[in-house]
1. Using unit Cβ charges (K, R positive; D, E negative) and no other charged atoms, how large, in debye to the nearest 20, is the dipole of region 177-276 about its Cα centre?
2. Which parts of region 69-105 would a label at LEU403 reach, counting a residue when its backbone N lies under 17 Å from a point 7 Å out along Cα-to-Cβ?
3. Can you tell me the FRET efficiency between SER87 and HIS132 if r is taken as the Cβ-Cβ distance and R0 is 45 Å, rounded to the nearest 0.05?
4. Can you tell me the dipole magnitude for region 248-373 around its Cα centre, using point charges on the Cβ only (Lys, Arg +1; Asp, Glu -1), in Debye to the nearest 20?
5. Contour minus end-to-end for ARG229 and GLU361, with contour as 0.36 nm per residue of separation and end-to-end as the Cα-Cα distance?
6. Counting only heavy atoms of the protein chains, get the accessible area per residue of region 138-232 (1.4 Å probe) and round it to a whole Å² value.
7. What nm value, rounded to one decimal, do you get for the distance between CYS75 and VAL123 when each label is placed 7 Å out toward the C-beta?
8. Given a cut-off of 22 Å, name the pairs among LYS52/LYS72; LYS52/LYS79; LYS212/LYS347 whose C-alpha atoms lie farther apart than that in the structure shown.
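The values are calculated or read from the model by the stated rules, or taken from the named source; none is laboratory data. None of the values given here were measured: they were computed from a predicted structure. Cβ atoms come from the backbone with ideal geometry, glycine included; neighbour counts cover every protein chain shown. The protein model used for the area step is the full one, side chains on, heavy atoms only, and it has no ligands, DNA or RNA in it. Shrake-Rupley method; radii C 1.70, N 1.55, O 1.52, S 1.80 Å.
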Amino acid sequence: MAQDAAAAEFSDLDLESWTHAGLKQERQLSAAQRRDYSFCRRKSFSAFVASKRDHSQEDGSTSWCCCGQTFKEHCGVHKHVARTHDSEIQQLTQAAYERLLSQLEEEPETQQPNEREAEPVDVSAWIPETGHISEEQLQKGPGKVLLYYHYCQVEDPHVICAWQKALCEKLHLTGKVRVATEGINGTVGGTDMATDLYIDAMCSHPHFKMEKEDFKTSDGGAECFTDLRVGVYKEIVPMGVDPDVISYRLAGVHLEPEEFHKKVEALLSEGDLCDDTILLDCRNFYESKIGQFTRCLAPDIRKFSYFPDYVDQNLELFRDKKVLMYCTGGIRCERGSAYLRSKDVCKEVYQLKGGIHKYLEQFPEGFYRGKLFVFDERYAISSNNDVISDCRYCRRPWDQYKLCSTQFCCQLVLSCPSCRQDGHTACCPTCQTKGHAQRQASPTVVHHREECECTGGRPRIPQDV
């Protein structure tokens, strides 16, 4: 109640006196993103003010205590917080905004109140018969992880979602499957028997008409994922741009791994003399950190949903250039290349068909060096022995990620066994200190997620021009 009251009393004058430091951040955002960021800023400010309320007043009066001062009026504490605690508010706002973005990207679309309740659909015709196969064959033995996507028009994604859930559960598969009106994107793990049946079911489905070559495989199994998540989303890969506005149909020229290899070879052979071609990694920074193509441009972005803003703010970098794009399996390049082409500044835009996965199948010792990051419990797979990253603490070569040990932090950390043995298990010293404080604090104390130098010190959208 105190927080809501503080929010209600947060006047436009207070907001104006405080927001100057946040304007630079907001100008980098789209109109919709600015609304979300402004919402997070107001909520963070009111939450900070509410945390300073003095609950010890016996006469029922309201006051706030901060920096050794007592404030009896809302306007007084608001002005003090705006002038004195700007950096803390900015940190809280950024953390809240990151959480909101994550929720928007990960939460499936919910049915609108005015939508008619979907009638149950019989999907049994699309489920393979497994009566001749024992449950042990489906659950035990060697396994693998599949990675795939397929763009096509899906009239009723909720039906496909129901089919996928039933299919995966019957085959004891774990993983993630995103369904949208623009297609399907998934990564699932299980036994060899189960994943082969899954591929057959996908290829025989009349709607998708996929080929076995559309699936990328790696050693693994159901244990590579904690559970099964199947849902209907606006996009099958979260770029944050309406697929009706920027469609996959606008994607760049697809190059087979052999063609891509030759173009990279030609680029490297020219060295510094070649200034008309950019080899662009459109993955996140923690992915390219442990593995990338030689002489690539790897933007320091945390999420693919930041990629459009990165393009917008670095347009001159791509003007009159040929761009060779790549990602893990190819799906991010489909939308990413379409967005880049929509800006009409590049000479040509190419993309690696099948992504790094397919490239490494043919060129395990090619121009891609280091590990390939994957979004499951393995974190990475390898095809060569190169280690291109180092330990966060001792700087020795190391490329095996672990999750930060601090509660609520979702950052990944490269900490070698020796440093981990010495207690360096957090993503940064700030988070390490916060972790110690959490263990000593009351369990009721709420800690905001990812408030550390890993996020605070990195620009949301890097300027690489």
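1. Charge dipole, region 177-276, about its Cα centre: 540 debye, nearest 20.
2. Answer for this model: 99, 102-103.
3. Values: r = 65 Å, r/R0 = 1.45.
With a Förster radius of 45 Å, E is 0.10.
4. On the way: 20 positive and 20 negative charges, 96 e Å.
In debye, rounded to 20, region 248-373 gives about 460.
5. Details: separation 132, 0.36 × 132 = 47.52 nm, distance 2.79 nm.
Working it through step by step, the gained length comes to 44.7 nm.
6. Working: 3870 Å² over 95 residues.
That works out to 41 Å² for each residue.
7. 5.9
8. Numbers: LYS52/LYS72 12 Å; LYS52/LYS79 13 Å; LYS212/LYS347 34 Å.
In this structure, LYS212/LYS347 lie more than 22 Å apart at Cα.
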